[in-house]
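The values are calculated or read from the model by the stated rules, or taken from the named source; none is laboratory data. Everything numeric here is computed off the predicted structure, so don't read it as measured data. As a convention, Cβ positions derive from the backbone with ideal geometry for all residues, glycine included, and neighbour counts pool all protein chains shown. Just the protein is used for accessible areas: all its heavy atoms, side chains included, with ligands, DNA and RNA removed. Shrake-Rupley method; radii C 1.70, N 1.55, O 1.52, S 1.80 Å.
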Amino acid sequence: MGIDAFRFDGKRALVVGGATGMGAAAARILHDVGADVVVMDYAPVTQDGVQFVQVDLRDQASIDAAIDACGPVHSIFSCAGVADGTDGLERINFLGHRHLIERMVAEGLIGRGGAIGMISSAAGLGWESNLELIKEYLATPDMASGTAWAKEHNRCDYMWSKQTMNTYVAAQAFPLLQKGIRINAICPGPTNTPLAQANAETWLGFGTDYREAVGIDSSTPEEQAYPLVFLCSDAASHVSGIIMVTDAGYMASGLAGSYEPAIMAAQFLYGRLG
């Protein structure tokens with residue numbers, strides 16, 4: 001296929017959370033590489049050349065109506081997310097995405113040759129250390145029971161939602177690939193989005209020393225959307241179940257000890273502090 005493997009000509013792509021930030025960047029890139037793009041979001045979408053379907057990821061009925069309006073697709077990009085302090089975070093950041101994905105898979109609205117890409121976060125690294133508890137959460141059969149579990153266990157927070165997403169990607173690689181569907185995620189480092197700007201001190205401030213030392217800025221939404229789109233392209237046809245850390249090497253440098261100020265953060269996130 002050559003360079004065409006990176007394109008999406010003749011394919012429909014669904015971007016959930018495509019009104020702003022990384023989701024909007026993914027929608028633009030997908031349109032540029034030939035996809036027929038459907039964007040779902042709670043906020044209005046202004047991008048030309050895409051179909052807009054409004055959805056409230058906190059509400060299962062709204063998700064079901066949006067799925068009915070969307071129809072079949074070749075790829076799903078789960079990009080919607082909110083910060084701590086938002087009501088319904090556990091549904092917006094994970095449970096709503098899970099319901100949408102699993103209903104579309106069950107009804108054949110995404111099938112063999114399809115791909116799913118999720119935007120997680122570096123905050124979700126170290127999910128392995130919480131695996132047994134996360135598996136208990138993932139065993140909840142629907143949004144209502146998942147929400148009840150999260151509230152009962154005091155897990156309606158951003159880091160938990162991203163650890164859950166990473167675990168979900170790893171756990172679903174095998175059963176989805178049996179249906180011919182791939183699933184992957186990216187874990188961005190600090191990225192200059194409206195959500196990050198609203199939480200600038202903690203989100204955009206993280207790793208500033210590293211970026212200054214190597215001479216880069218926080219990433220743009222497009223710099224995160226490119227690898228996400230790649231993971232759902234035919235060029236990545238043998239890639240599934242990976243959680244790609246797209247933080248310009250900050251965590252890797254901390255784990256390897258080559259950038260000493262990152263060691264403590266890497267140990268904390270990977271659960272290696274004894």
Query raised in the report: Applying the Karplus parametrisation 6.51 cos²θ - 1.76 cosθ + 1.60 with θ = phi - 60° to the phi angles of the stretch 65-81, what ³J(HN,Hα) value in whole Hz is obtained for each residue in order, glycine and proline being reported as x?
Result: 5, 5, 4, 4, 6, 7, x, x, 9, 9, 8, 10, 10, 8, 10, 6, x
Query raised in the report: Going by the alpha-carbon gyration tensor, a ≥ b ≥ c the square roots of its eigenvalues, is the stretch 136-232 rounded (a/c under 1.5) or, if a/c is not under 1.5, prolate (a/b greater than b/c) versus oblate?
Result: oblate
Query - Under 5 Å, built H, 5+ apart or other chain: amide partners of Val37 - result: Ala13, Gln51
Requested in this report: Using only the Cα atoms of the stretch 17-123, build the gyration tensor, take square roots of its eigenvalues as a ≥ b ≥ c, and label the shape rounded, prolate or oblate: rounded if a/c is under 1.5, else prolate if a/b is larger than b/c, else oblate.
Outcome: rounded
Requested in this report: Quick one: check the C-alpha center-to-center distance for the stretch 196-240 versus the stretch 28-87, whole angstrom.
Outcome: 21 Å
**Report entry** Relative counts (whole %) of C-alpha pair distances in the chain, using bins that are 5 Å wide
**Finding:** 1, 6, 13, 18, 20, 18, 13, 8, 4, 1, 0
Query raised in the report: What percent do you get for the relative contact order of the stretch 56-194 when only Cα pairs under 8 Å and 6+ apart count?
Result: 32 percent
Query raised in the report: Taking θ as phi - 60°, what are the ³J(HN,Hα) couplings along the stretch 25-37 by the Karplus curve (6.51, -1.76, 1.60), each to the nearest whole Hz, with x for Gly and Pro?
Result: 5, 4, 4, 5, 5, 4, 4, 5, 9, x, 6, 8, 9
Query raised in the report: What ranking of Met159, Met264, Met1 comes out by heavy-atom accessible area, probe 1.4 Å, highest first?
Result: Met1, Met264, Met159
Requested in this report: Report the charge-dipole magnitude of the chain in Debye, nearest 20, computed about the Cα centre from +1 at each Lys and Arg Cβ and -1 at each Asp and Glu Cβ.
Outcome: 600 debye
Report task. Determine, from the Cβ-Cβ distance of Ser62 and Met1 and an R0 of 51 Å, the FRET efficiency 1/(1 + (r/R0)^6), rounded to the nearest 0.05. Result -> 0.85
Report summary line: The ³J(HN,Hα) series, computed from each phi in the stretch 119-135 with the Karplus coefficients 6.51, -1.76 and 1.60 at θ = phi - 60°, rounded to the nearest Hz and given as x for glycine or proline, is 9, 9, 6, 4, 5, x, 5, x, 4, 4, 6, 10, 4, 5, 5, 5, 4
Query raised in the report: Counting only residues 5 or more places away or on other chains, whose amide H sits under 5 Å from the amide H of Ile116 once H atoms are built in the peptide plane?
Result: Ile76, Arg182, Ile183, Asn184
Query raised in the report: In a GNM of the chain with a 10 Å cut-off on Cα contacts, which of Ala13, Ala198, Ala83 has the highest mean-square fluctuation?
Result: Ala198
Requested in this report: Set the Förster distance to 22 Å, then compute FRET efficiency between Tyr226 and Glu260 from the Cβ-Cβ distance, nearest 0.05.
Outcome: 0.15
Requested in this report: For Lys11, list the lysines whose Cα falls under 20 Å from its own Cα; do not include residues on the same chain fewer than 8 positions away.
Outcome: Lys179
Requested in this report: Could you list which residues have their amide H under 5 Å from that of Thr246, counting only those 5 or more apart in sequence or on another chain, with H placed in the peptide plane?
Outcome: Cys187, Gly189
Report summary line: When the chain is treated as a Gaussian network with springs between alpha carbons less than 10 Å apart, the largest mean-square fluctuation among Glu222, Glu90, Glu132 is found at Glu132
Report task. Would you mind giving the average projected area, over all directions, of the Cα convex hull of the stretch 84-163 in nm² with one decimal? Result -> 5.8 nm²
Query raised in the report: Ignoring ligands, DNA and RNA, what percent of the accessible area of the chain is carbon or sulfur (1.4 Å)?
Result: 54 percent
Requested in this report: Before anything else, pin down the relative contact order of the stretch 138-246: Cα pairs under 8 Å, at least 6 apart, normalised by residue count, whole percent.
Outcome: 34 percent
